[in-house]
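Below you'll find the structure, written out as structure tokens, and then a few comments.
The values are calculated or read from the model by the stated rules, or taken from the named source; none is laboratory data. Just so we're clear, the structure is a prediction, and the values are computed from it rather than from any experiment. Here Cβ is always computed from backbone atoms with ideal geometry, including for glycine, and neighbour counts include all displayed protein chains. Each accessible area value is taken on the protein alone, full model and side chains, heavy atoms only, with ligands, DNA and RNA left out. Shrake-Rupley method; radii C 1.70, N 1.55, O 1.52, S 1.80 Å.
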Amino acid sequence: MTIDLDQLQQGNRRALAKAITLVESKLDLHRAEAQQILEQVLPKAGNSIRIGITGIPGVGKSTFIETFGLYLISLGKKVAVLAVDPSSPLAGGSILGDKTRMEELSRNDAAFIRPSPSEGALGGVAQKTRETMLLCEAAGYDVILVETVGVGQSEYEVAGMVDFFMVLMLPNAGDELQGIKKGIMELADALVVNKADGESINLAQQTRRHYENALHLLRQASFWSPQVLTCSAHENNNIDTIWGMISNYHVDALKNNAFHEKRSRQNQEWMEKLLFEMLELKLKQNPEVKQQLPDLYKKVVNGETTPYIAAKTLIELL
């Protein structure tokens, strides 16, 4: 697959889409090509603000991202949306198809939307999302929005690859507060109560106070105190305030040397994760491991040996 790097770095959407397809390929030849491209564009990458957006299904993530994206474009920004769709268990493709849910944004020349099937990747975040972010940055996109599936571990996974992590909430006066894991509250840089319009305005303000009280109970180890805001993506209310908050965070993070420190730490964690994945792959491809694995599984299931001894036996074969 031939990728025109000059076209990619000039922001050509077709060249960018082709490069992402190469990165997402499972063929070894394509993977090698993709890594060469990534290494070449690295000096041009890293200049965006990466924002993770999550929330339970029905909270209005796609509407929010479309409204937010169009607002950023009105400020002269180029916006890339990496929307991680749940994968079909049968075909492995995207089920939701975010482009159909963000029609106006997808038609805008300053926007790039890439729905990627999660393919069962840990945390519901597409395995190649990090590489895709680098390609989008090299293509000149100023803001990268990563929308997650919003179920299970996806929040933890996306928080480990973005600069600012936002959780969207529904205006229900804290009813879902019990259902929010403390860990996710600690990860969030902001909680945004969406759908604060019509009859729900008072309820949204009440919900905001509930969340603010809950956040005060958590110790903040960072320079930043997580904020709770309300907005209506449907009516385009308070979207500018949310961008103002993220801009303030960015300035403060740079002042405190926290911005580059966080990215460096994320890159190190990314490398460690890949190292474990590659070791697991190498282990599974080992002929002796393939031969002994069924027998060791059987012994563990039947209680004839401990899982630790079985695992140690396989590791020693490497």
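Summed over the range 26-47, residues that are touching a residue at least 24 places away in the same chain (Cβ under 8 Å), open to solvent by less than 60 Å² (accessible area, probe 1.4 Å) and either on the phi < 0 side of the Ramachandran plot or part of a helix (DSSP H, G or I) (or both) total 7.
Can you name the helices (runs of 4 or more DSSP H) wholly within the range 229-318 that have at least 2 residues being of a type in the set (K, R)? Don't jump to the end; show me each part of the working.
Working: elements: 239-255, 258-285, 287-301, 307-316.
The helices (runs of 4 or more DSSP H) meeting that bar are 258-285, 287-301.
A single member of Q227, Q268 is under 30 Å from R31 (Cα atoms), among the polar types (S, T, N, Q) and under 29 Å from the mean Cα position of the chain (by Cα), and it is Q268. Filtering K262, K290, K284, K298 for residues that are open to solvent by less than 90 Å² (accessible area, probe 1.4 Å) and among the charged types (D, E, K, R) leaves a single hit, K262.
Considering only residues in the range 108-128 that are in a strand (DSSP E or B), of a type outside the set (K, R) and open to solvent by 20 Å² or more (accessible area, probe 1.4 Å), the one that is modelled with the highest pLDDT turns out to be P115. None of E186, E157, E131 is at pLDDT 90 or above, part of a helix (DSSP H, G or I), among the charged types (D, E, K, R) and under 21 Å from the mean Cα position of the chain (by Cα) except E131.
Please pick out the residue among L105, L145 that is modelled with pLDDT of 90 or more, under 17 Å from the mean Cα position of the chain (by Cα) and crowded, with 20+ Cβ neighbours inside 10 Å. Before you say what the answer is, go through the steps one by one.
Details: L105 fails: under 17 Å from the mean Cα position of the chain (by Cα).
None of the other options fit; the residue is L145.
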